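Reviewing the structure listed below.
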Amino acid sequence: MFNVYRKEIMWGGKPLILETGRLARQADGAVLVTYGETIVLCTAVAHKTAMPDMAFFPLTVHYQERAYAAGRIPGGFFKREGKPSENETLVSRLIDRPIRPLFAPGFVNDTQVVCTVLSHDMEVNPDIPALIGASAALTLSGLPFLGPIGAARVGLINEEFVLNPTIDQLTESKLNLVIAGTIEGVLMVESEAHELSEAQMLEAVMFGHDHFQPVIQMIINLAEDCAKTPWELVPEHEQREKLVARLIELATEDLKAAYSIHNKSIRHEKVTLIKVQTVQALVEEGFPESLAVSEFKELTKNLVRHQILETGLRIDGRDTKTIRPIVSEVGALPRAHGSALFTRGSTQALVVATLGTGQNEQIIDALEGEYKEPFLLHYNFPPFSVGETGRMTGPGRREIGHGKLAWRSLHPLMPSKDKFPYTIRLVSEILESDGSSSMASVCGGSLALMDAGVPLERPVAGIAMGLIKEDKKFAVLSDIIGDEDHLGDMDFKVAGSENGITALQMDLKITSITREIMEIALEQARQGRLHILGKMREAIEEARSEVKECAPRITTFTIPKDKIREVIGTGGKVIRDICETTGAKVDISDDGTINVSGPNAEVIAAAEKRIRGITDEPEVGLIYKGKVVRIVDFGAFVNFCGSQDGLVHISELAPRRVEKTGDVVKEGDEVFVKVIETDNRGKIRLSMKRVDQTTGQEIPSQAD
């Protein structure tokens with residue numbers, strides 16, 4: 001009934017299996033990828049008719065995780081999967097970025113790739129099988145896809161590169177790098193690193209590229225057995241050559257003049273006017289409008305690229321290495337816990353830091369299980385930042401992706417919870433954008449954290465690099481502007497400290513780049529990053545020694561695990577009373593770590609005193625304040641140090657002879673006592689006569 005085709009290799013110590021012909025047979029291409037016991041079904045389907053008026057290739061990628069894949073039932077009221085999680089959105093982008101540039105020029109059919117996680121073994125992250133499966137499904141589909149591509153994850157453990165480290169191994173890895181590319185070269189890199197050098201990052205990329213070559217060959221072997229007949233592309237428009245010649249004649253000189261204008265707004269207005277006039281003239285001459293618009297874009301692109309390669313000068317007048325003017329400011333908002341305004345050329349980010357308690361941690365319901373995240377970074381990109389109008393909705397894929405890149409850049413140098421017990425939220429508001437707003441968010445985020453008193457190990461800065469490549473000639477551009485991003489061949493973002501790289505993201509619009517180009521780009525980015533860090537130091541050199549007055553205060557200490565129950569009390573009665581009477585918030589972890597937070601130091605001290613009174617063990621020689629709870633003929637029992645009771649013998653009540661206990665104390669009296677003895681049965685002997693009952697100070701010792 002089924003014509004099943006199957007290929008299997010050992011890869012990274014686990015079997016990798018590609019299978020087609022049994023599932024989802026009505027899709028143009030469908031591949032079931034099994035790696036370890038993680039299974040992902042990847043499908044590719046394209047509409048049979050083209051959409052010639054589309055201004056871009058209508059490709060959508062959907063990566064989706066099913067809770068049953070990990071034997072879980074989704075959380076929430078509806079108990080079913082809802083809108084894509086942040087991770088699903090990020091992996092969808094991860095798949096889209098390397099496959100998009102490999103579709104044949106002129107192919108504008110609506111295309112959809114869907115990758116569904118069916119099984120998760122809690123060892124293999126499903127994103128790599130999904131990338132491989134998407135590549136295989138497209139290769140088998142017959143669509144004009146110039147692949148296949150391979151993909152891999154690279155870790156660095158004990159200074160050795162590791163292919164496809166498990167989820168547990170990544171916790172001890174200094175690198176988490178995902179790479180995808182073709183036989184010839186690299187197309188996409190996404191990574192987080194712990195201050196690795198440029199040489200280490202380059203070697204990691206080359207390691208990944210070398211090790212996914214068997215996967216590419218595996219897909220080719222599968223395609224040789226069962227790939228569908230290639231689709232026939234619509235031939236180029238017959239009028240194209242005539243239109244291009246006429247377009248060059250009409251617009252070339254005006255466009256050259258427009259692109260000599262350094263001001264972005266004026267330049268865009270001029271180019272738009274030339275476009276409208278030129279397209280209208282071509283339409284009046286009988287040329288199709290859609291073809292005129294697409295070829296105008298191509299002419300614009302070629303003119304700008306040629307100018308950079310021939311003169312070394314860019315649209316805004318800079319050479320290839322110069323960074324735009326930078327202005328760094330901190331403390332921009334008086335009531336914010338930390339804030340910074342970072343401006344680089346016509347890109348501006350207002351980044352605000354807010355400090356919270358453990359109760360503010362984000363609970364993430366992931367396929368691997370629920371966990372809490374104490375560091376959040378949210379990126380907002382309103383349409384006014386580029387002088388446009390638009391719908392104001394929730395964050396889209398772009399906002400989520402840029403925010404995560406900035407998060408990865410800062411995360412390796414964030415303080416641990418035991419050093420800084422706050423939950424930290426950064427919000428980057430992009431107020432102006434002309435290239436690399438995500439890297440502006442990194443710079444502004446670093447400044448805002450230091451302004452908030454977050455003990456960041458070192459400041460972090462980011463820079464976006466570009467590439468113009470024609471045959472063997474190329475130019476690497478530092479700190480690209482928006483037009484260079486659109487017209488160039490590479491978007492290469494590098495973030496890090498003065499000690500090394502913390503994040504690297506690369507996307508290519510051409511089939512690959514060489515090692516030489518990557519080396520130049522990394523070194524140029526390092527020089528640019530150091531320059532930016534120097535400019536940032538003009539605003540603030542290191543984290544403030546204390547959090548601001550408007551921020552909550554938090555103190556952290558530990559108690560014995562067997563005392564946790566006493567602090568919480570029956571039904572939470574004790575801890576609730578502590579919070580209500582002191583005004584503090586108390587978070588208790590299973591390991592006995594306690595975070596006490598409040599609006600000021602007095603509130604925190606009161607709550608800590610209450611807790612320590614419950615948990616501290618009495619120590620011989622120390623003085624405590626307690627309450628008389630019972631009177632007997634031979635003395636008084638005093639409750640002190642939380643739940644502890646001790647006996648003040650009648651001979652220890654006062655420095656004189658006492659006939660009756662009631663002559664000195666009565667039940668309910670608050671008294672100062674000194675611990676004079678404890679025995680192995682838990683009995684505690686106390687003394688009142690050795691302590692001044694007015695001041696609580698010890699009376700100079702006399703003969704006992």
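Quick notes on this one:
- Here is the figure for segment 337-359: residues that are touching a helix residue (DSSP H, G or I) at 6+ places or on another chain (Cβ under 8 Å), modelled with pLDDT of 95 or more and either more than 19 Å from Ser385 (Cα to Cα) or not β-branched (Val, Ile, Thr) (or both) total 10.
- Selection within segment 19-38 - of a type in the set (Asp, Glu) and in contact with a helix residue (DSSP H, G or I) (Cβ under 8 Å, 6 or more places away or on another chain): Asp28
- Strands (runs of 3 or more DSSP E) contained entirely in segment 1-98, each with at least 1 residues that are over 26 Å from the mean Cα position of the chain (by Cα) and either in the same structural domain as Ile364 (by TED's automatic domain parsing) or surrounded by fewer than 16 Cβ atoms within 10 Å (Cβ to Cβ) (or both): 5-11, 14-20
- When Ile128, Ile132, Ile179, Ile183 are checked against the criterion of being in a loop (DSSP other than H, G, I, E, B) and in the same structural domain as Glu81 (by TED's automatic domain parsing), Ile183 stands alone in meeting it.
- Residue within segment 645-664 that is within 54 Å of the chain's Cα centre (by Cα) and either outside any strand (DSSP E or B) or loosely packed, with under 15 Cβ neighbours inside 10 Å (or both) present: no
- Answer from Gln213, Gln169 - the residue that is under 23 Å from the mean Cα position of the chain (by Cα) and either among the aromatic types (Phe, Trp, Tyr) or more than 25 Å from Phe107 (Cβ to Cβ) (or both): Gln169
- The strands (runs of 3 or more DSSP E) found entirely in segment 303-374 that carry 2 or more residues being within 30 Å of Ala521 (Cα to Cα) and among the β-branched types (Val, Ile, Thr) are 326-330, 347-356.
- Failed item, numbered, when Phe557 is tested on (1) closer than 15 Å to Pro421 by Cα; (2) of a type outside the set (Lys, Arg); (3) touching a Gly at 6+ places or on another chain (Cβ under 7 Å): (3)
- Residues that are over 25 Å from Lys689 (Cα atoms) and basic (Lys, Arg) within segment 579-611 comprise Lys585, Arg610, listed in sequence order.
Each row is one residue, and each column tells you yes or no for (1) of a type in the set (D, E, K, R); (2) more than 15 Å from Ala258 (Cα to Cα).
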{"site": "Gly286", "(1), (2)": "no, yes"}
{"site": "Arg314", "(1), (2)": "yes, no"}
{"site": "Arg324", "(1), (2)": "yes, yes"}
{"site": "Leu333", "(1), (2)": "no, yes"}
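- Selection of segment 376-429 for residues being in a loop (DSSP other than H, G, I, E, B) and of a type in the set (A, V, I, L, M) yields Met392, Met414.
- Count of segment 436-453 residues, restricted to those that are surrounded by 24 or more Cβ atoms within 10 Å (Cβ to Cβ) and part of a loop (DSSP other than H, G, I, E, B), is 2.
Residues are listed down the side, and each one gets a yes or a no for (1) closer than 24 Å to Tyr422 by Cα; (2) at pLDDT below 90; (3) among the charged types (D, E, K, R):
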residue: Gly569; (1), (2), (3): no, yes, no
residue: Gly572; (1), (2), (3): yes, yes, no
residue: Asp591; (1), (2), (3): yes, yes, yes
residue: Ala606; (1), (2), (3): yes, yes, no
residue: Ile614; (1), (2), (3): no, yes, no
residue: Tyr624; (1), (2), (3): no, yes, no
residue: Val628; (1), (2), (3): no, no, no
residue: Ala636; (1), (2), (3): no, no, no
residue: Gln644; (1), (2), (3): no, yes, no
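- Number of the condition not met by Arg630 [criteria: (1) under 23 Å from Asp562 (Cα atoms); (2) among the charged types (D, E, K, R); (3) touching a residue at least 12 places away in the same chain (Cβ under 8 Å)]: (1)
- Considering each residue of segment 540-547 in turn, at least one proves to be assigned to a loop (DSSP other than H, G, I, E, B), among the polar types (S, T, N, Q) and not assigned by TED's automatic domain parsing to the domain that holds Gly401.
- The numbered conditions (1) surrounded by 16 or more Cβ atoms within 10 Å (Cβ to Cβ); (2) at pLDDT below 95; (3) not in a helix (DSSP H, G or I) are all true for His194 except (2).
- Among the numbered conditions (1) outside any loop (DSSP other than H, G, I, E, B); (2) closer than 18 Å to Phe57 by Cα; (3) at pLDDT 95 or above, the only one that Ala137 does not meet is (2).
- Criterion (free of Cβ contacts under 8 Å to residues at least 12 places away in the same chain, surrounded by fewer than 18 Cβ atoms within 10 Å (Cβ to Cβ) and outside the structural domain of Ser589 (by TED's automatic domain parsing)) met by exactly one of Gly394, Gly369, Gly387: Gly394
So that you can scan it fast, the table gives a plain yes or no per residue for (1) at pLDDT below 95; (2) closer than 26 Å to Arg153 by Cβ; (3) among the aliphatic types (A, V, I, L, M):
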{"position": "Phe2", "(1), (2), (3)": "yes, no, no"}
{"position": "Glu8", "(1), (2), (3)": "no, yes, no"}
{"position": "Gly13", "(1), (2), (3)": "yes, yes, no"}
{"position": "Thr20", "(1), (2), (3)": "no, yes, no"}
{"position": "Leu32", "(1), (2), (3)": "no, yes, yes"}
{"position": "Tyr35", "(1), (2), (3)": "no, yes, no"}
{"position": "Leu41", "(1), (2), (3)": "no, yes, yes"}
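- Matching residues in segment 434-491 - criterion: being closer than 23 Å to Leu355 by Cβ and basic (Lys, Arg): Arg458
- Of all the listed residues (Pro74, Pro52), the sole one being modelled with pLDDT under 95 and in contact with a Pro (Cβ under 9 Å, 6 or more places away or on another chain) is Pro52.
- Segment 685-704 - residue that is modelled with pLDDT under 90 and of a type in the set (Val, Ile, Thr) and, of those, surrounded by the most Cβ atoms within 10 Å (Cβ to Cβ): Ile699
- Hey, Ile575 in contact with an Asp or Glu (Cβ under 6 Å, 6 or more places away or on another chain) and in a helix (DSSP H, G or I) or not: no
The values are calculated or read from the model by the stated rules, or taken from the named source; none is laboratory data. Source: prediction; values computed, not measured. Heads up, the Cβs are rebuilt from the backbone with ideal geometry, glycines too, and the neighbour counts pull from every protein chain shown.
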